[in-house]
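Novice: Please see the structure below; I have some questions.
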Amino acid sequence: MDLHLRNKRALVSGSTKGIGFAIATGLAREGARVILNGRSEASVSDALTKLRALHPDAEVQGFAGDLSDPQHITRLLEQHPEVDVLVNNLGIFDPKPFEDIPDEDWALFFNTNVMSGVRLTRAYLPKMKQKNWGRVVFISSESGVQIPVEMIHYGVTKTAQLGLSRGLAESCAGTGVTVNSVLPGPTSSEGVSEFVDKLSGGKPFDEFEKEFFEKARPTSLLKRFTTPEEVANMVVYICSEASAATNGAALRVDGGVIKSAF
């Protein structure tokens, strides 16, 4: 199936590893001209080498910078003033009891998980509207619907992304621009290893995974961590021409964790 992404310019924030890298790889595989992003030159260089090894003909560039920082976004726009596809994937998470979350953490999480997407979309959306074609995707989480008690601050930022995505979609009514959010479930990305270390108490991964889905995510139908590639498959489709009628949606790749038919 041709998704008609060839030569589309795509930026995926936070894409040197995990879900972001899988999305960037999927877009590059479909012929998009992809901008990989990470905080350091080393991480970006490593990711570019890895992606080019997977797809030697891919047209990929890198941008090293922290896109939760407005000054780094200004520098990004100087190099890449226009994109056709924007995937707001940059995000952080950290399991911590609610009583132990200081104001500084709340501000950090909101600035990184929400405001990075606000600023990037504000920068790129006007030209998408002018061209009457564009795709904006927010990588939210099932945690935005079912707030996890072990990291409430993270869940709240993911809920905010859902509202932001829907509001922006309303602003694009009648155009060829769509704005959607994708809700992964617990995913076996690189960042999960630290999450597992904090919650597992030293248990082997297989044992922790089984216990996690029995106790922390008992509604899961998948009963395992989703792979980054499984999430990326949905995102690549939503970025494509084939998804034109999907707009303002919250699309779940959560393994059935959210116990609702709607």
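Novice: If you take every residue apart from P70 with its C-beta less than 12 Å away from the C-beta of P70, what net charge results, scoring Lys and Arg +1 and Asp and Glu -1?
Specialist: For residues surrounding P70, the net value is +1.
Novice: Post the alpha-carbon centroid distance, the stretch 9-31 to the stretch 156-192, in whole angstrom.
Specialist: After rounding, the separation between the Cα centres reads 16 Å.
Novice: Starting from the Kirkwood radius over alpha-carbon pairs of the stretch 69-201, derive D by Stokes-Einstein at 25 °C in a medium of 0.890 mPa s and give it in µm² s⁻¹.
Specialist: Taking Rh from Cα pairs, D becomes 155 µm²/s.
Novice: Still on this structure: For the chain, modelled as a GNM with alpha-carbon contacts under 10 angstrom, which of V231, V149, V87 fluctuates the most?
Specialist: V149
Novice: Rank the residues M234, M115 as a footprinting-exposure proxy: fewest other Cβ atoms within 10 Å of their Cβ go first.
Specialist: Ordered by Cβ neighbours within 10 Å, fewest first: M115, M234.
Novice: If you build the convex hull over the alpha carbons only and average its shadow over all orientations, what do you get for the chain? Give it in nm² to one decimal.
Specialist: 14.0 nm²
Novice: Please give the net charge around C172, taking every other residue with its beta carbon less than 15 angstrom from that of C172, where Lys and Arg add +1 and Asp and Glu add -1.
Specialist: +4
Novice: What Kirkwood Rh does the stretch 207-259 have if only Cα atoms enter the pairwise 1/r average? Answer in Å.
Specialist: Taking the inverse mean of 1/r over all distinct Cα pairs, the stretch 207-259 comes out at 12.6 Å.
Novice: Nothing charged except the Cβ atoms of Lys and Arg (+1) and of Asp and Glu (-1): what's the magnitude of the dipole of the stretch 209-262 about its Cα centre? Round to the nearest 20 debye.
Specialist: Computed about the Cα centre, the dipole is about 280 debye.
Novice: Something else about it: Viscosity 1.306 mPa s, temperature 10 °C: Stokes-Einstein D of the stretch 13-70 from its Kirkwood Cα radius, in µm² per second?
Specialist: For the chosen part, D equals 145 µm²/s.
Novice: Let me ask something else. If you put +1 on each Lys and Arg Cβ and -1 on each Asp and Glu Cβ, how big is the dipole of the chain around its Cα centre, in Debye rounded to 20?
Specialist: Result for the chain is approximately 880 debye, rounded to the nearest 20.
Novice: Hey, for a label at V149 modelled as a point 7 Å past Cα toward Cβ, could you say which residues of the stretch 109-124 have their backbone N under 18 Å away?
Specialist: No residues fall inside that zone.
Novice: Suppose only helical runs count, i.e. DSSP H with n ≥ 4. What mean residue ellipticity at 222 nm does that imply for the chain under -39500 (n - 2.57) per run, divided by all residues and rounded to the nearest 500 deg cm²/dmol?
Specialist: Taking each H run of at least 4 residues, the total per residue is -13500 deg cm²/dmol.
Novice: On to the next question. As a test of understanding, state the convex hull volume per residue of the stretch 136-250 from its alpha carbons, in Å³.
Specialist: 102 Å³
Novice: Ratio of the stretch 1-150's C-alpha Rg to 2.2 N^0.38 Å, to two decimals?
Specialist: 1.08
Every number here is computed from the coordinates shown, using simple stated rules; none is lab data. Note that the structure is predicted; figures quoted are calculated from it, not measured. Because the Cβ atoms are built from the backbone with ideal geometry, glycine has one as well, and the counts that use them run over all protein chains shown.
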